[in-house]
Every structure is written in structure tokens, then in C-alpha cells.
Amino acid sequence: MGDNMVRKILSAHRVDGSMVAGEEIGIKIDQCLTQDATGTMAFLQFEAMELDQVRAELAVSYVDHNMLQTGFENADDHQFLQSTAQKFGAYFSRPGNGICHQVHLERFAIPGKTQLGSDSHTPTTGGIGTLAIGAGGLDVAVAMGGGPFYMRMPQVVRVELTGELQPWVNGKDIILEMLRRVTVKGGVDKIFEYGGPGVAQLTVPQRATVTNMGAELGATTSIFPSDEQTKKYMASQGRGDDWVELQADDGASYDEVIEINLSELEPLIACPHSPDNVVPVTEVAGKVVQQVNIGSCTNSSYVDLATLAHILRDNHAHPNCSVTVSPGSRQVMTMIARDGLMTDIIAAGARVLESACGPCIGMGQAPPTDGVSIRTFNRNFVGRCGSKSGNVYLCSVEVAAACAIAGVIADPRELGDPPQIDMPDEVLIDDGMILPPTEDRDKIEIIRGPNIKPLPLADPVPDEYKGEVLLKVEDNITTDHIMPAGAKILPLRSNIPGISEYVFSVIDPDFATRAQEKDGGIVVGGHNYGQGSSREHAALAPMYLGLKAVIVKSFARIHRANLINFGILPLTADEAVIDAIDQGDELELTDVHGSLLGRRMIQVKNVTKGTQFDTDAGLTGRQTEIMLAGGLLNYTKKQQKQTVA
């Protein structure tokens with residue numbers, strides 16, 4: 001029996017563990033990616049490991065999140081990132097060069113390679129056949145240093161695409177259909193491998209849209225074959241020599257199969273406030289729209305914006321609707337300008353923003369009070385848009401363009417025949433804003449602004465602990481709930497004492513103060529705790545506030561790993577147990593070390609209620625050593641010293 005694509009790549013990169021679903025596996029990482037909202041901390045961690053240079057095949061430091069520069073903080077971080085890239089041997093993509101995932105797809109991703117990025121949408125390059133995984137910055141720092149990346153061996157799910165896409169339906173509708181079926185927690189510890197006869201009609205940008213939003217399924221990653229479409233795309237980027245074919249073998253086995261008949265899909269839209277709240281556009285058509293935002297790492301390719309320009313040509317944005325466009329890269333922006341498409345977009349009344357994450361990460365363009373915002377982005381969590389009362393809908397560029405013209409949610413099929421946009425055979429290639437590693441690394445001095453504070457380290461997990469339940473939360477709590485983004489808070493990503501004041505501020509503005517007064521404590525929650533962004537600040541800042549354990553019904557993959565990396569116990573318990581705990585209860589954990597080392601349940605007493613229950617840390621032997629060492633950074637430094645000795 002042949003292998004699927006995922007097992008082929010993992011087998012070629014496995015350095016530790018067993019390729020049995022659920023078992024821990026360590027893999028070699030070929031390419032590493034950071035962005036400025038997570039990269040400053042990642043390079044501080046790399047520096048703290050006392051490594052002199054990047055040891056992975058490739059590392060790229062991107063600046064695409066903190067772009068407003070309303071104060072000195074963002075600009076200082078950019079200087080720090082440029083100097084650390086030069087010092088340690090990474091490429092540096094300057095501000096304005098584009099969104100990390102779009103640029104990496106264009107200029108660096110290679111089929112069959114492994115990629116680890118400190119951004120949850122790193123799987124975007126799965127559209128080109130890369131096995132690309134999002135992780136916390138500390139995991140990426142270790143991989144940059146040549147260390148393996150560890151994860152549970154995922155189940156591999158085949159997504160069989162048949163039929164043909166109908167007019168006005170595209171890759172965004174495929175992933176929205178997946179979200180409708182699988183939900184935001186249905187992909188945890190799974191990799192979605194796309195195949196079938198329907199794949200051949202999808203261009204690489206369409207595939208990248210699908211793999212990008214695979215993150216919203218909670219998936220480890222998603223991947224497409226590397227075929228003639230891939231070869232054509234890479235040739236257009238002048239990287240034809242990097243192309244390799246990658247296909248599943250005939251008769252390859254899978255843990256699960258999902259079938260999607262593309263012919264049956266129609267334009268879809270995700271309603272507030274979750275990416276899996278998906279319905280046909282026709283079900284919500286007519287709802288008044290105040291804002292349309294087009295772009296982000298999900299839908300900002302040349303084909304996306306060329307499609308937008310052709311729809312807007314000879315039309316105008318509705319007078320009550322604000323419209324913005326964020327090109328995904330400098331390459332895309334230059335090409336739509338060259339081809340006259342920028343003129344069509346501007347003439348229609350849209351505002352063109354810089355090539356950056358922008359509104360998707362809450363950096364500007366917050367909708368009005370109770371306003372409806374139509375976005376081609378990937379997330380619509382409460383408050384992420386910058387307006388807590390905003391109602392964000394997620395859709396394709398075609399649907400967004402129809403809404404912009406009509407001023408209400410509209411079905412693009414009412415516009416007549418869709419524009420036919422072909423992938424260009426050649427693109428404009430100018431890597432002048434990507435700075436390669438310098439040969440004079442010893443002469444580089446790292447530039448540190450006053451907002452860049454020393455890296456806080458975790459304490460070893462205590463053997464006995466008594467603390468108060470500082471907060472109890474529901475299912476599907478996101479990292480945006482735990483550690484918000486936005487123009488006010490993002491500039492503090494390199495200042496843990498400063499940013500820690502905003503932990504859980506979306507849910508409970510008094511949380512940080514209470515945590516400090518109580519000298520830390522415990523958080524209790526529901527299912528899929530920590531879904532969304534890879535931001536390790538959602539673990540790092542709570543650790544700084546003294547959080548010792550999180551007890552929930554289930555975790556999202558990346559956040560659980562981040563909690564372990566920073567010495568916070570990730571515990572699960574039965575639903576009835578969680579439901580019986582109240583905020584303010586005092587909990588006592590006993591014999592933690594013995595339980596972890598013996599792979600036993602950790603007993604917890606609810607001192608307030610006089611009850612006792614079991615919790616499961618579910619740690620591997622390696623993860624237990626990390627907890628006892630006081631986090632992954634301390635563990636890694638200890639391992640390095642042992643290796644040298």
C-alpha cells in the first residue's frame with residue numbers, strides 16, 4: 001500500500017518518535033518564518049539560547065503586522081528585527097514588502113519541504129505543496145537553531161474534490177464549506193490532504209486560500225499536491241528549478257475521507273462571530289453593509305485583486321459603504337498598478353492600503369458601532385476587528401465586491417457573467433526589499449529600543465500549589481480573548497510587563513489586576529480553549545502574571561503547546577467536573593511532580609466546595625522534562641550544555 005503526501009514528507013524529516021497517530025513525533029524543519037508581532041520575542045528567545053547563527057536551511061523575518069507606527073515602539077521593533085536577522089543569518093523582508101504568507105508563497109516555499117512559522121496561518125504555503133505548520137515563537141526559535149519540532153502525530157484526512165466549480169464560486173467557498181462541515185474544533189490534531197480530480201482546476205492562489213483558512217479548522221496544517229498548476233506558478237515566479245512533483249501514491253490510506261462535489265457549491269459566507277457559522281449568501285442577502293475590506297493573507301493575490309478590479313470597473317462603491325483593499329505583497333501591488341487595475345479600484349471609490357495585515361489584525365478600519373463589515377479575511381471573532389460591537393462576515397472577493405456595489409449583502413451571481421482572470425505566465429520580480437543574510441555578521445550590533453524588555457522566564461512547575469480560580473470561561477475561547485491584538489496593544493508585543501496588563505481584558509478588564517493581587521492563580525474553561533492565533537503572548541503574559549494552571553474540557557493545539565513551553569500546566573477534566581467549578585473557588589493541586597513523572601492523573605481539591613477530582617496533563621516524557629525545567633527555553637539550554645559536555 002502506498003503512502004499519502006503527508007507521511008512521505010514526515011518520513012523524510014522524522015528525527016524522533018513514532019508515526020502513529022497520537023504519538024509524539026519530532027521532525028526536522030527546513031524553513032522558518034517569523035513576523036514582527038511574534039518575531040521580536042522569537043529572536044529574543046533565539047538570542048537567549050546563546051546560538052550564534054540560524055542553522056535551518058532558511059529563515060525569513062517579515063514585518064507585516066505592526067505597521068501603523070503611531071509611536072516609536074513599532075519602528076524600534078523593526079530596527080531590532082532587521083539587525084537580528086543580519087546578526088544571525090536570516091533574510092529580512094522590509095515593511096511594505098508584503099504579508100509574510102503571500103510573500104513566502106511567491107518567493108521561498110518549495111514543495112516537499114517542512115516549514116514552521118510563528119503565525120497560525122503559516123499553512124498557507126500548503127497550497128504549493130509545503131508541509132507548513134504554525135507554532136509559538138519559542139518553537140520557531142528552537143527550529144531556527146536546528147532543533148526538531150515536536151507535535152502529536154496527526155491523523156491524515158483526505159479531502160476528495162470532484163466536479164467543477166460553478167461561475168462565481170472559488171477556493172474561499174471550498175474552505176467555508178469545510179468549516180461548515182468540520183467546525184472550528186473538528187480539525188485538531190489532523191492534517192487535511194486535498195486530492196481528487198477537482199484539484200487540477202484550482203490555481204495555487206486558490207489552493208493557498210484553502211490551506212490558509214485550514215487554520216480555522218484547528219488543523220495542524222493542510223496540503224495540496226505539487227502538479228502542473230504548481231509548476232506553472234513557480235515558473236512564473238522564476239523559481240521553476242525549485243519545483244518537484246508531489247502526489248499521494250495510488251492506494252494510499254487515510255484516517256478519514258471527506259468528499260466535496262465542487263459542482264454543488266454556491267457562494268458562501270461566514271456570519272458573526274465564528275468562521276464556522278457558514279450559510280449560503282442568499283440566506284443573509286439584503287442586510288445593510290457599512291464596510292467592505294478586501295485583502296489579507298487569505299485573499300490578496302494578483303488574481304484576487306484583478307477579479308475585484310474587473311467587477312468594480314464601470315461601477316462605484318455604494319455611498320454608505322466604506323471600501324478598502326490591502327494587496328498581499330509589493331509584487332501584487334506593482335502588477336495591478338502596471339496593468340491599470342489599480343485605476344479601476346480607486347475609480348470605484350475604494351481606498352488602497354499598504355501591503356500588510358492591516359484590518360485583519362485590528363490595525364485600523366474598525367467598523368462603526370453595531371456596523372456590518374464584509375471581509376475577505378479569515379477570522380471574525382468578537383472584537384478582533386477593533387470594534388466590540390462590530391459584526392464581521394467572511395466571504396470571497398466576488399461576494400465582497402458585490403456587497404460593495406450594492407451596499408447590502410449580495411449574491412455575485414446577480415452581476416451576470418464573472419470575469420475570466422488567467423494566472424500570469426510571468427510576474428514582476430523585484431526582491432530589493434528582501435535583505436539577504438550578510439557575510440559580516442560579526443560587525444552587526446543589535447539595535448534595542450526602550451520598549452524591548454528582558455525576556456521573562458518561567459519557574460519550574462511546583463509540586464504542590466493552591467490558588468484561586470481567577471476566571472471561568474466558555475467554549476471556543478480564542479487567543480484574541482486571552483491576549484488581544486489591535487493598534488493599542490500590538491506595539492507592546494516586545495514588552496511583556498506592559499502587555500500583561502491587557503490579558504483577558506476583552507472578557508474581564510480587571511483580570512490582570514486580580515491576578516497580581518492574588519499572586520497568580522488558575523483559569524478554568526470549556527472546549528477548544530485557545531483557538532485562533534499562534535501568539536505565544538497568550539501564554540507568556542499569563543505566565544508573567546503568575547498563572548500556574550489552566551483546567552479545561554479540551555485545548556487547541558498551538559495554545560496547549562505554548563502553555564507547556566512557558567511552564568503553565570495544561571490540564572483537562574470531565575465536563576461535569578468543569579461545570580461544577582465556579583470563579584473564585586480555591587483549588588489545590590497535590591503531588592504534581594510524582595503524577596507527571598508517573599504519567600498519572602493529577603488530583604485537585606476544590607477547597608471551597610470540599611470536593612476532589614482528577615485532571616489529565618497528557619504530557620509526554622519530553623514535555624514533563626520541559627515543565628520540570630521551567631519551560632522550553634530552560635530545557636533547550638540544558639540540553640545544549642549536556643551536548644557540549
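Tell me whether the range 332-348 contains one or more residues that are under 19 Å from residue 374 (Cβ atoms), under 27 Å from the mean Cα position of the chain (by Cα) and assigned by TED's automatic domain parsing to the domain that holds residue 304. No, the range 332-348 contains no residue that is under 19 Å from residue 374 (Cβ atoms), under 27 Å from the mean Cα position of the chain (by Cα) and assigned by TED's automatic domain parsing to the domain that holds residue 304.
Scanning the range 11-43 for residues that are modelled with pLDDT of 95 or more and within 17 Å of residue 565 (Cα to Cα) returns 24, 25, 26, 42, 43.
Let's see how each residue does on (1) assigned by TED's automatic domain parsing to the domain that holds residue 9; (2) of a type in the set (Asp, Glu); (3) over 25 Å from residue 206 (Cβ atoms); (4) surrounded by fewer than 22 Cβ atoms within 10 Å (Cβ to Cβ):
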{"residue": "55", "(1), (2), (3), (4)": "yes, no, yes, yes"}
{"residue": "60", "(1), (2), (3), (4)": "yes, no, no, no"}
{"residue": "63", "(1), (2), (3), (4)": "yes, no, yes, no"}
{"residue": "72", "(1), (2), (3), (4)": "yes, no, yes, yes"}
{"residue": "88", "(1), (2), (3), (4)": "yes, no, yes, no"}
{"residue": "96", "(1), (2), (3), (4)": "yes, no, yes, yes"}
{"residue": "101", "(1), (2), (3), (4)": "yes, no, no, no"}
{"residue": "119", "(1), (2), (3), (4)": "yes, yes, no, no"}
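Selection of first residues in the range 513-525 that are of a type in the set (D, E, K, R) and of second residues that are in a strand (DSSP E or B), restricted to Cβ pairs under 7 Å at least 6 apart or on distinct chains, gives the following pairs, ordered by first then second residue: 514/470; 518/468; 518/470. If you go through the range 206-226 and keep only what is assigned to a helix (DSSP H, G or I) and either under 15 Å from the mean Cα position of the chain (by Cα) or polar (S, T, N, Q) (or both), you end up with 206, 208, 209, 210, 211, 212, 213, 214, 215, 216, 217.
So for the range 631-638 (the condition being of a type in the set (Ser, Thr, Tyr), farther than 24 Å from residue 468 by Cα and free of Cβ contacts under 8 Å to residues at least 40 places away in the same chain), does at least one residue qualify? Yes, the range 631-638 contains a residue that is of a type in the set (Ser, Thr, Tyr), farther than 24 Å from residue 468 by Cα and free of Cβ contacts under 8 Å to residues at least 40 places away in the same chain.
The single condition among (1) surrounded by fewer than 20 Cβ atoms within 10 Å (Cβ to Cβ); (2) assigned to a loop (DSSP other than H, G, I, E, B) that residue 274 does not meet is (1).
Of all residues in the range 21-65, those being hydroxyl-bearing (Ser, Thr, Tyr) and touching a Leu at 6+ places or on another chain (Cβ under 6 Å) number 1.
Out of 217, 246, which single residue is outside the structural domain of residue 556 (by TED's automatic domain parsing), closer than 21 Å to residue 10 by Cβ and crowded, with 24+ Cβ neighbours inside 10 Å?
Result of the check over 217, 246: 217.
Kindly evaluate residue 331 against the criterion of being touching a Leu at 6+ places or on another chain (Cβ under 7 Å) and not charged (D, E, K, R). Against the criterion (touching a Leu at 6+ places or on another chain (Cβ under 7 Å) and not charged (D, E, K, R)), residue 331 qualifies.
Residues checked against (1) within 16 Å of residue 361 (Cα to Cα); (2) surrounded by fewer than 22 Cβ atoms within 10 Å (Cβ to Cβ):
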| residue | (1), (2) |
| --- | --- |
| 478 | yes, no |
| 489 | yes, yes |
| 514 | no, yes |
| 522 | no, no |
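Return yes when residue 402 is more than 24 Å from the chain's Cα centre (by Cα), crowded, with 23+ Cβ neighbours inside 10 Å and at pLDDT 95 or above and no when it is not. Yes: the conditions hold for residue 402. For first residues located in the range 536-554 and farther than 15 Å from residue 493 by Cβ, partners that are among the basic types (Lys, Arg) and lie 6+ apart or on another chain with Cβ distances below 8 Å form the pairs 546/518; 554/185.
The residues of the range 556-615 that are in a strand (DSSP E or B) and of a type in the set (S, T, N, Q), listed by number, are 572, 590, 603, 606, 611, 612, 615. Taking (1) surrounded by fewer than 24 Cβ atoms within 10 Å (Cβ to Cβ); (2) touching a Pro at 6+ places or on another chain (Cβ under 8 Å); (3) closer than 18 Å to residue 366 by Cα in turn, residue 293 satisfies each apart from (1). Is it the case that residue 228 is in contact (Cβ under 8 Å) with a residue 24 or more places away in the chain, loosely packed, with under 15 Cβ neighbours inside 10 Å, in contact with a Ser or Thr (Cβ under 6 Å, 6 or more places away or on another chain) and not assigned by TED's automatic domain parsing to the domain that holds residue 381? Here the answer is no, as residue 228 does not meet what is asked.
Selection over the range 501-538 of residues that are under 29 Å from residue 141 (Cα atoms), part of a helix (DSSP H, G or I) and of a type in the set (D, E, K, R) gives a count of 1.
Output the residue which, of all residues in the range 139-180 that are surrounded by fewer than 19 Cβ atoms within 10 Å (Cβ to Cβ) and out of contact with any strand residue (DSSP E or B) (no Cβ under 7 Å at 6 or more places or on another chain), is nearest to residue 121 (Cα to Cα). Once the filter is applied, the top-ranked residue is 146. Residues in the range 318-366 that are closer than 21 Å to residue 407 by Cα, crowded, with 22+ Cβ neighbours inside 10 Å and among the small types (Gly, Ala, Ser): 326, 350.
Close Cβ contacts (under 6 Å, 6 or more residues apart or on different chains) running from residues in the range 78-103 that are over 19 Å from residue 443 (Cα atoms) to residues that are among the acidic types (Asp, Glu) and buried (at least 24 other Cβ atoms within 10 Å of the Cβ) comprise 99/64; 100/64.
Within the set of pairs 6+ apart or on separate chains, which have a first residue in the range 478-492 that is more than 23 Å from residue 557 (Cα to Cα), a second that is among the aromatic types (Phe, Trp, Tyr), and C-beta atoms under 7 Å apart? Hits for this filter: 489/502.
The values are calculated or read from the model by the stated rules, or taken from the named source; none is laboratory data. All values derive from a computational prediction rather than experimental measurement. Counting neighbours? That spans all protein chains shown, and the Cβs are built from the backbone with ideal geometry, glycine included.
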